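*Asks:* Once you've had a glance at the structure underneath, I'll fire off some questions.
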Amino acid sequence: MLLFSITWGAVSGWWALVCLLLGLLYAWLMYRQPVNLGDRFRYLLSVFRAVAVFLIAMLLVSPLVKSSNYQPQKPLVLIAQDNSESINTFHPAGFNPAKFVDDLGKLKQQLGDGYEVQEFNFGHDLDGGLSKNFTGKQTNIAAALRQLNDRFVNQNIGALVLASDGLYNQGADPQYEARNFKTNIYTIALGDTVAKRDLLIGNVNYNKTAFLGNDFEIEVLAQAFQSKGETMHLTVTEDGRQVNTQLIPVNNDAFKKILTIKLNADKKGIHKFNISITPVKNELSTQNNTETIYVEVLDAKQKILLVYDGPHPDISVIKQAIEANKNYELKASLLSDIGTLKLNDYSLVVLHQPSAGTFAAMKDLIAKGKTPLWYMLGAPADVPDFNAAQKLTRISTARAEMQEVFAQPVPDFSAFTLSDSTLQKIAKLPPLLAPFGSYTSAVSNGILFKQKIGSVATSYPLLLFGDDGGRRIGVLTGEGLWRWQLAEFESYGNHHAMEELFSQSVQYLTANANRQRFRAYPAKNIFDEGENVLLNAELYNDALELVNTPDVKIELKNTDGKNYSFLATRNGQSYQLDAGTLPVGEYTYTANTKLGDKLFNANGQLTVKPLNLEIRQSAADHRLLKNMAKQSGGEMLQPSEISRLADLIRKNENIKTLVYEDKHYSDLIDVKWVFLLIVALLSTEWFLRKREGEI
């Protein structure tokens, strides 16, 4: 439905009366004298003339025409179906998961044309449509709710139907995310809350890395349900060799105990540990009796030196973020103490806000050394000396001022890879303070983040990496990392983005310190089941310059002897391989290439570990589903009550069609039908006068 009205705005409405009087006066002057026309005919022509003049005069006044377009929007019913393994593994006798999905799919037909129904399924991620395969290895209910809320923001969401067992092993508590939905949530309680006879490993806490010769600990949460009087027999094997065994008496029907197991890292490499509980008679499931973890034993930590002139809150943030990776050991040192250190012992030197004194004290290392450097600028940094010390970027500034800059990820950055979640998080973090001025960069595909000043995206680098005379260099042009750390923890409850950013940056800067001509390495040594396996490769010419002219072939081989052959793709000046998802197991890889008449090869190993999160807990959490429904004004239903769902939605007075008004303003002169009416009136008047011989 489309309606029009006149609005005067800054023009007085009295002008309409003036225009009408002008039209009447013009018609009276034209037809006041007796003519060879009948009175009724003369009056008709005078009306035509008065209206035409009135419209022409109104065009000169130019009022606004307001058009209102009313669009009805049907209520949107969202269905989110849990597609994780636990739904198909633990359920009451007689429950058919596939039939339930069919019954859930009938809701669209039952509601009819008065509702718009959108169907989704989720495990770790949200996907379109309902699914019967129940293969999700992880469950993140909060992420599914957040994605639905973001996708349908500002739309008429009438109801959300959540079909789940209430168990989640990824993400935050979904009750908090559900509060962002301004609609009723109807939950369908799947699974079985009655605990059955079952022994299981609830969780394993451990460090993914250990160092050769050291002892390390793993924490195992052993649980037992309806098994009072039994004795749990827990064993730990390392690469098939038994290294620990324990007997744990079960003294109640809801038994939990955290076991701390001390192990020794006696051999370098990736080691596979199996933690298992011997099954007992009539146990519900034996799948959750075993957990496999992988620990990488390293020969030694890489040493990193952080040099600073004075205290700053960023220093502790840098130290925490780098040392979150157990491969790195960071020493923070005042510039005044630099003479007591052996700089050649360090794989990377971080220069925090280097002043003129820093460049003078470390002149030989900066000018002649080959140790990678990471410059972190700030207000005290000496910009002219910084420009002279490296060739990656140049800052032109006439005054010592700082300005707020946000991080803007660069899609074509190719030095290393950050996860999408990390890039999205960093883009939302508070601004850093960078020196005011204009920036130029001499690196291609080496800028990870550009500066965004307010809402204006610039080409100025915020964080960039590159090669300067055979040495790897990093430059962070802003200070205020402590703001990033606080903001990330406040929003997400962890520091994962900061830790990944520093871990990958340090790995890039310290890689190939001994200048191997060809190297291939995985993005990490242990990948989760279902995760894409990524490998990187670098090839250097005789001048130790990165090249990627020849092809690089990479072959992966698992312990069963199955081979996977790939051709790496060129990525900037190096190579990258996305091998996709691979079956669970241990793999060796071999990469080879040819530059000129020289053959190069590199090899290593990686592991794809299984995810057993979905079978760690068998009893459904219907309390969570009931609370979510209650706090939203909805209701929790059992699968047998799914036929009631359509009636509940139809009878809910809050779920209704909304009509949205879209207002549009335009000048009268832009309305084409006004011109057509004027032409029609004047043409009709002229034709009638011509026919009667008045013209």
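*Asks:* Tell me which residues, restricted to the stretch 120-148, are among the basic types (Lys, Arg) and within 18 Å of ASP102 (Cβ to Cβ).
*Replies:* Across the stretch 120-148, the qualifying residue is only LYS132.
*Asks:* Please enumerate the residues belonging to the stretch 662-695 that are more than 49 Å from the chain's Cα centre (by Cα), of a type in the set (Val, Ile, Thr) and over 12 Å from LEU45 (Cα atoms).
*Replies:* VAL674, ILE678, VAL679, ILE695
*Asks:* Out of TYR540, TYR508, TYR492, TYR589, which single residue is farther than 24 Å from THR607 by Cα, among the aromatic types (Phe, Trp, Tyr) and touching a residue at least 60 places away in the same chain (Cβ under 8 Å)?
*Replies:* When all the criteria are applied, what remains is TYR492.
*Asks:* I need every pair where a residue in the stretch 361-374 that is modelled with pLDDT of 90 or more has its Cβ under 9 Å from the Cβ of a residue that is among the acidic types (Asp, Glu), sequence separation at least 6 or different chains.
*Replies:* Between residues of the stretch 361-374 that are modelled with pLDDT of 90 or more and residues that are among the acidic types (Asp, Glu), the close pairs are LEU373/ASP468.
*Asks:* Right, here's the next one. If you scan the stretch 320-330, which residues turn out to be surrounded by fewer than 18 Cβ atoms within 10 Å (Cβ to Cβ) and assigned to a helix (DSSP H, G or I)?
*Replies:* GLN320, GLU323
*Asks:* Considering the stretch 670-690 alone, what residues qualify as being part of a helix (DSSP H, G or I), among the aliphatic types (A, V, I, L, M) and under 16 Å from ILE56 (Cα atoms)?
*Replies:* VAL674, LEU676, LEU677, ILE678, VAL679, ALA680, LEU681, LEU682
*Asks:* Tell me which residues, restricted to the stretch 513-534, are modelled with pLDDT of 85 or more and over 16 Å from PRO583 (Cα atoms).
*Replies:* Of everything in the stretch 513-534, those that are modelled with pLDDT of 85 or more and over 16 Å from PRO583 (Cα atoms) turn out to be PHE518, ARG519, ALA520, TYR521, PRO522.
*Asks:* Based on what the data block shows, is THR183 surrounded by 17 or more Cβ atoms within 10 Å (Cβ to Cβ) and modelled with pLDDT of 85 or more?
*Replies:* Criteria met by THR183.
*Asks:* Same structure, new question: What pairs come up if the first residue lies in the stretch 626-642 and is over 15 Å from GLU177 (Cα atoms), the second is of a type in the set (Lys, Arg), and their beta carbons are under 8 Å apart, counting only those six or more places apart or on different chains?
*Replies:* MET636/LYS626; MET636/LYS630; LEU637/ARG644
*Asks:* Next question. Could you list all residues from the stretch 50-87 that are part of a helix (DSSP H, G or I) and either closer than 30 Å to GLY191 by Cβ or assigned by TED's automatic domain parsing to the domain that holds LEU167 (or both)?
*Replies:* Across the stretch 50-87, the qualifying residues are GLU85, SER86, ILE87.
*Asks:* Any idea how many residues of the stretch 88-106 are surrounded by fewer than 22 Cβ atoms within 10 Å (Cβ to Cβ) and more than 13 Å from ILE188 (Cα to Cα)?
*Replies:* Residues in the stretch 88-106 being surrounded by fewer than 22 Cβ atoms within 10 Å (Cβ to Cβ) and more than 13 Å from ILE188 (Cα to Cα): 13 in total.
*Asks:* Among the residues that make up the stretch 488-496, is at least one of them of a type in the set (Phe, Trp, Tyr) and surrounded by fewer than 20 Cβ atoms within 10 Å (Cβ to Cβ)?
*Replies:* The answer is yes, given that some residue of the stretch 488-496 is of a type in the set (Phe, Trp, Tyr) and surrounded by fewer than 20 Cβ atoms within 10 Å (Cβ to Cβ).
*Asks:* Report whether or not LYS656 is assigned to a loop (DSSP other than H, G, I, E, B) and either of a type in the set (Lys, Arg) or not assigned by TED's automatic domain parsing to the domain that holds GLN110 (or both).
*Replies:* yes
*Asks:* Just one of the numbered conditions (1) surrounded by 13 or more Cβ atoms within 10 Å (Cβ to Cβ); (2) at pLDDT below 90 is not true of ALA602; which one?
*Replies:* Exception for ALA602: condition (2).
*Asks:* Looking at ASP82, ASP113, ASP103, ASP39, which one is out of contact with any helix residue (DSSP H, G or I) (no Cβ under 9 Å at 6 or more places or on another chain) and under 30 Å from ASN156 (Cα atoms)?
*Replies:* Step by step, each of ASP82, ASP113, ASP103, ASP39 is checked, and only ASP113 is out of contact with any helix residue (DSSP H, G or I) (no Cβ under 9 Å at 6 or more places or on another chain) and under 30 Å from ASN156 (Cα atoms).
*Asks:* Looking at the stretch 180-213, which of the residues that are under 26 Å from ILE248 (Cβ atoms) and hydroxyl-bearing (Ser, Thr, Tyr) is farthest from the chain's Cα centre (by Cα)?
*Replies:* Top of the filtered list is THR193.
*Asks:* Turning to a different aspect of this structure: Do we have SER640 as in a helix (DSSP H, G or I) and within 30 Å of LEU284 (Cβ to Cβ) here?
*Replies:* yes
*Asks:* Separate question: I'm checking my understanding of the structure. Among residues of the stretch 245-268 that are basic (Lys, Arg) and under 21 Å from PHE225 (Cα atoms), which one is surrounded by the most Cβ atoms within 10 Å (Cβ to Cβ)?
*Replies:* LYS257
*Asks:* From the set of residues in the stretch 447-487 that are basic (Lys, Arg) and touching a residue at least 60 places away in the same chain (Cβ under 8 Å), which is surrounded by the fewest Cβ atoms within 10 Å (Cβ to Cβ)?
*Replies:* Here the answer is ARG471.
*Asks:* I've got another one for you. Can you work out which of the residues in the stretch 208-244 that are of a type in the set (D, E, K, R) and farther than 23 Å from ALA300 by Cα is surrounded by the most Cβ atoms within 10 Å (Cβ to Cβ)?
*Replies:* Filtering first and then ranking leaves GLU230.
The values are calculated or read from the model by the stated rules, or taken from the named source; none is laboratory data. Here the structure is a predicted model, which means the values were calculated and not measured. Don't worry about glycine lacking a Cβ; one is built from the backbone with ideal geometry, like all the others, and counts go over all protein chains shown.
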